[in-house]
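Let me begin by presenting the structure, written as structure tokens, before commenting on it.
The values are calculated or read from the model by the stated rules, or taken from the named source; none is laboratory data. Every value quoted in this text rests on a predicted model; they were computed, and no experiment measured them. Every residue, glycine among them, receives a Cβ derived from its backbone with ideal geometry; neighbour counts consider all protein chains shown. Surface accessibility is based on the protein's heavy atoms, side chains included, excluding ligands, DNA and RNA. Shrake-Rupley method; radii C 1.70, N 1.55, O 1.52, S 1.80 Å.
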Amino acid sequence: MSKLNIDQKTVKGLFQDSKSDFLIPDYQRPYAWGDDECKTLWEDLFSFSFPNDNSDQFNDNDEYFLGPIVTFKNDDRKMEIIDGQQRLTTLMLLLRAFYNKLGHMQDTRSVKMKEDIEKCIWRANGFGEYNKDDLKIDSEVATDNDKDEFLDILKNGDATGKHSKYALNFRYFEKEIDTFLSHYPSYFAYFPLRILNNCVLLPIEAESQDTALRIFSTLNDRGKPLSDADIFKAQFYKYYSSLGKKDDFIAIWKNLEVIASEVFHPI
């Protein structure tokens, strides 16, 4: 019987874990979240963190469930994300947007929050120094031509001149953060604090890719149900990988996606 490691964690607990080294593998679909999903996430997080627009009504014991994350540890000891990549990617963009704003603040709370976010996005060396090129998440999605923009935004915190979904969503969060700060300046540090400490995920670590893919086929990304094509692709990928033809399959599948997008109007 396959073993699963399931342990609910806060955003902070998951991302700051020294073993966190996430990889969005080449067979995953491209990043798909847009304005609607980001708006829903922002409004849900705000309502949770500030009940009735009042910071004092927040209960420190409350939790907001963000959903499951399905992974398995590959041969390089990286945690391949099988389900939940949209969620993790967007959370990383949100935290990076908060980090940008906190970088200009010198009060004790803001400095502490900045340090906490650093530990979520980047790995530190033995001296506790953070290398902004050493991210805790990487993407190798073969059919995502914009994945480099995602990594660049996390490294440099700048989406200027970029037009990918990553850039659009990052700028959306920057705008919402500016609006929030203008209305609730004294509460600003509480928002990322409550996201990190009170928003929880359910990491499900499978012992193998096969087990992880079976779980993948039964779950939906929040707001973005898995299509039949996603499930078929995962199974085909597993089969052709076993034959040593992974790269051939990826090239053919990518070509099929290009043809389909040109012929059929997106739903």
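Of note:
- Residue satisfying all of: in the stretch 12-42; surrounded by 14 or more Cβ atoms within 10 Å (Cβ to Cβ) and of a type in the set (Asp, Glu); modelled with the lowest pLDDT among these: ASP26
- For the stretch 125-153, taking the residues that are free of Cβ contacts under 8 Å to residues at least 24 places away in the same chain and in contact with a helix residue (DSSP H, G or I) (Cβ under 8 Å, 6 or more places away or on another chain), the one that is nearest to SER186 (Cα to Cα) is identified as TYR130.
- Test: LYS147 is under 19 Å from LEU23 (Cα atoms), modelled with pLDDT under 95 and within 14 Å of the chain's Cα centre (by Cα): yes
- Qualifying residue in the stretch 43-51 (condition: touching a Leu at 6+ places or on another chain (Cβ under 9 Å), open to solvent by 10 Å² or more (accessible area, probe 1.4 Å) and without any contact (Cβ under 8 Å) to a residue 12 or more places away in the chain): no
- Taken over the stretch 128-185, the criterion of being among the β-branched types (Val, Ile, Thr) and either under 22 Å from ASP116 (Cα atoms) or touching a strand residue (DSSP E or B) at 6+ places or on another chain (Cβ under 9 Å) (or both) is satisfied by ILE137, VAL141, ILE153, ILE177.
- Against the test of being hydroxyl-bearing (Ser, Thr, Tyr) and within 24 Å of SER208 (Cβ to Cβ), the options THR90, THR40, THR71, THR10 yield a single qualifying residue, THR71.
- Test: ASP62 is closer than 28 Å to SER186 by Cα, part of a loop (DSSP other than H, G, I, E, B), over 15 Å from the mean Cα position of the chain (by Cα) and at pLDDT 90 or above: yes
- Which listed residue is on the phi > 0 side of the Ramachandran plot, out of contact with any Asp or Glu (no Cβ under 6 Å at 6 or more places or on another chain) and charged (D, E, K, R), from ARG87, ARG77: ARG77
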